[in-house]
Each structure stands twice: as C-alpha cells, then as structure tokens.
Amino acid sequence: MSFNPSTRTDDTWYRLVVQGERTCVQLAGSYTLMTLDRSLPGLARELTRLAAQSGVHWDLTGIQQMDYTGAAMLWQAWGGQRPKHLSLRPEQEKMFMRLEKAVPLPVSPHSSAFLPVTMLGRQFFLFLSHVGGIIALSGQVALDILYLIAHPSKIPVREISANLFRTGAQALGITAIVGFLIGIVLSYLSSEQLHMFGADIFIVNILGMSIIRELGPMLAAILVAGRSGSSMTAQLGVMRVTEELDALTVMGIPYSVRLILPKIIGLGIALPLIVVWTSAIALLGGIMAADLQIGLSFRYALTSLPDAVPVVNLWLALGKGLVCGMTIALIACHFGLRIKPNTESLGEGTTNSVVVSITAVIIIDAIFAVVFSNVGLRIVG
C-alpha cells in the first residue's frame, strides 16, 4: 500500500491501493468548492494523470462531502466519461447522471479555418431573411389598403392622426434646430469661397439647390429615422414582449391594420411636410448668415430664389420625403415584429432598425439622384 500525501495537513485527498496488478484510487475527504480552494488545479492534474493509466479502479465511497465542483473536476479528469471500474454512493450517482446528460459547450468559432466564409454566409442568409420579411410585410400592407378602399368606414382615422401628430408635429422642434444650424454652416463656408472670386450673389443658387434638393430631405429623413423609427420599433417590440400582439390576434383585431398601416401612412404624410419645414428653416439660417457675412439682403435672396431653383426641385424633395417616410416606417415595423421576448433583443432590434433605415434613406437619395439627374438642374444666374 502506498500513500500520496495531500497539500493539506489534516486530511488526504486520495490514496493508491495496489493489490497485485490492480490499482485502486480511493478518494477521501471533502470534494467541495470551499474545501478544495487553492488545491483544485494541482489535484486536478494529479487525478488526470491517474485517469490516463489503464485498468485503474476508482472508489468514491470514502468521500465525506461532494458538490458539483468536485464532481465536475473528476468528470473532466476522466475525459468526460465514466471509467470502467467505478464505485459510487447513490447521491453521487445522481450527480454524475446529470453530468452525462449535460450538453457540451459549443466549439469556439475561432478554431474554424472557414470562419470568414461561415460568417459571410450567415450574414447573407440573414439579409435574405430580412428582405423576405419586408416584402411579406409590404404585401400585407397592400392587401390592407385594398381592404380599406373597399370598406372606407373601417379606416383607422384616429390611429393615423395620432401617428401624424407624434411623427410630424412633435418633430418640428429638433428638425428646425438642426436645419437652421446646417444652413448657417453651409452659408458661411460657401460665402467665404464665393467672396474670393467676387461671386457673392451666387450664394442663393448654392443654398437653394443644396438645401431644397438634397440637404433638406436627407436631414429630415435621417432625423425622423432616428427619432420616430426607433420609437415605432420599440413600441411594437414591447407589445411583442408583453404578448399584446397575440392578444389582439385572439380578439380578432388585425394588428397590421391598427398598428402598422397607420404608422406607414402617418409617416408618409408627415415626412414631406417636415422636409418643407426643414428646408425653409435651413434657408432662413443660410440667408441670415449670408447677410452677416457678405451683406446679402433678405429681399434680394427671396426674389432671386425662384429663378435660381426651379420648382421641380421642390417636387423632387417632396417625393423623396414620401418614399423615405413610408420606407422608414416599414423597416421600423419589420424589426419591431421580429423582437424576441427579452430585453437584449429589444435593444438590438431598435439599433438595427435605425441603422437600416438610415442606410435605406441614403440609397433612396442616390436612386433619386441618378434617375432625376437631368431634372431641375438648370440654374439661371
């Protein structure tokens, strides 16, 4: 008989009993987290070394106390499986049965040589899933519109009015501030350059074309995407978490008519009006800055603006506002309906909604710029 002394002075973790060709490892003491403490790494290495030998018998009946920390240490030392010769007490048997049924941890993706391809494939299929969901939601909205045309009495007027107020009237303040400041910045930068070439009067052309055709719709759409789009996603996401959408379905109330369609129509009406408001305030800020910088009078700016900017540019801006408004609402509702019943999914879905909405706004603006590249660009000095 041979003994292996423990790192503790008052107890022995195990002892080796050799009887002929048979080697038995008899465990003793308390195999708990509090008792093992600092001896855990060294003891684990010793037990792993013993488990690597063939024909070893393990006797755990001498253990006084054992929790899942000790059981997990032994399980790892055995290589995730029971040894052929093992003696256990009934309560120990239950612990190891649970460890046998435990699901192994997934292999770290960093160990895969095809990680970039795998991640790219997952993102591609996720993109296709979102595209399919948005197309399906668009089809449902189109069917709802046809249904409401056939049944005008069921048009959700109050819901549309409420969304028009929340996304339109309540957004006037922030859009006015941002538009005014952007107009001042653009005017100061442009007037400084034009003054070097003695072309101060063309500041009206630059301000009018840049703000009415591009900056006004873009600023309004991006601000609304961050403000109203996130709000729509969060509202639908909370209703998904609290199972209010399921309750509406059980009661026979189509939430696509009562929740989604009013948001799309409301924002589709509100955003073109916000575009006009933002462009007007931005022009006001730009003209004020030009007056202070190069002495441009308000009367000259207002009288020369219609000749400098053809009215078709205003219609293009309104068209951008309509398309961007409905797209933002559609994307926000799509991500809101995909929220899972947990807080992490709610935050992630709201963030993705804003990012995708802003990206869609920029893509729409680029499409308008390419399609209508020869429309409204004749500038008369």
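The values are calculated or read from the model by the stated rules, or taken from the named source; none is laboratory data. This is a predicted model, so every value here is computed, not measured. Cβ atoms come from the backbone with ideal geometry, glycine included; neighbour counts cover every protein chain shown. Surface areas here come from the heavy atoms of the whole protein model, side chains and all, with no ligands, DNA or RNA. Shrake-Rupley method; radii C 1.70, N 1.55, O 1.52, S 1.80 Å.
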Run lengths n ≥ 4 of DSSP H only: what is the helix-derived mean residue ellipticity at 222 nm for the chain, with -39500 (n - 2.57) per run over all residues, to the nearest 500?
-21500 deg cm²/dmol
For the chain, with +1 on Lys and Arg beta carbons and -1 on Asp and Glu, the positive-most of A72, S304, C333 along the dipole
A72
Antiparallel versus total DSSP beta bridges in the chain: what percent is that, nearest 5?
45
If you take the square roots of the eigenvalues of the alpha-carbon gyration tensor of the chain and sort them as a ≥ b ≥ c, do you get rounded (a/c under 1.5), prolate (a/b over b/c) or oblate?
prolate
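Counting only protein heavy atoms, what percent of the accessible surface of the chain is carbon or sulfur at a 1.4 Å probe?
C and S atoms contribute 66 percent here.
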Through the Karplus equation 6.51 cos²θ - 1.76 cosθ + 1.60, θ set to phi - 60°, convert the phi angles of the stretch 121-130 into ³J(HN,Hα) values in whole Hz; use x for Gly and Pro.
x, 5, 5, 5, 5, 5, 4, 4, 5, 5
Sort M251, M239 by accessible area with a 1.4 Å probe, largest first.
M251, M239
With every protein chain left in place and a probe of 1.4 Å, what is the accessible surface of F368, to the nearest 10 Å²?
40
At R0 = 45 Å, how high is the FRET efficiency between D291 and T351 if r is their beta carbon distance? Nearest 0.05 is fine.
0.60
Please arrange D37, D144, D246 by accessible surface area, largest first, computed with a 1.4 Å probe and ligands excluded.
D37, D246, D144
Computed over the chain, protein heavy atoms only, probe 1.4 angstrom, the accessible area per residue in square angstrom equals 56
As an exercise, use a Förster radius of 56 Å and the Cβ-Cβ distance of S153 and F114 to find the FRET efficiency, rounded to the nearest 0.05.
0.45
Name the residues whose placed amide hydrogens come within less than 5 Å of the amide hydrogen of W58, ignoring near sequence neighbours (fewer than 5 apart) on the same chain.
V25, H85, L86, S87
Net charge around I160, counting only other residues with Cβ within less than 13 Å of its Cβ (Lys, Arg = +1; Asp, Glu = -1)?
+3
So, counting K/R as plus one and D/E as minus one, what does the shell of residues with Cβ under 14 Å around G216 add up to?
0
Quick check: net charge around H334, other residues with Cβ under 13 Å of its Cβ, Lys/Arg +1 and Asp/Glu -1?
+3
Once you have a ≥ b ≥ c as the square roots of the Cα gyration tensor eigenvalues for the stretch 117-165, tell me rounded if a/c is under 1.5, and otherwise prolate or oblate according to whether a/b is larger than b/c.
oblate
Using a Gaussian network model of the chain whose springs link C-alpha atoms within less than 10 Å, name the residue from M196, M218, M73 with the highest mean-square fluctuation.
M73
Dipole of the chain [Lys/Arg +1, Asp/Glu -1 at C-beta], most positive-end residue of Q235, M95, T167
M95
Evaluate the relative contact order of the stretch 22-157 (contact order divided by residue number), counting alpha-carbon pairs under 8 angstrom at least 6 apart; express in whole percent.
22
Explain nothing, just the number: relative contact order of the stretch 27-83, from Cα pairs under 8 Å at least 6 residues apart, as a whole percent.
54
Subtracting the Cα-Cα distance of Y300 and A247 from 0.36 nm times their residue separation yields 13.0 nm
Under the classification rounded if a/c is under 1.5, otherwise prolate if a/b is larger than b/c and oblate if not, where does the stretch 225-366 fall, given a ≥ b ≥ c as square roots of the Cα gyration tensor eigenvalues?
prolate
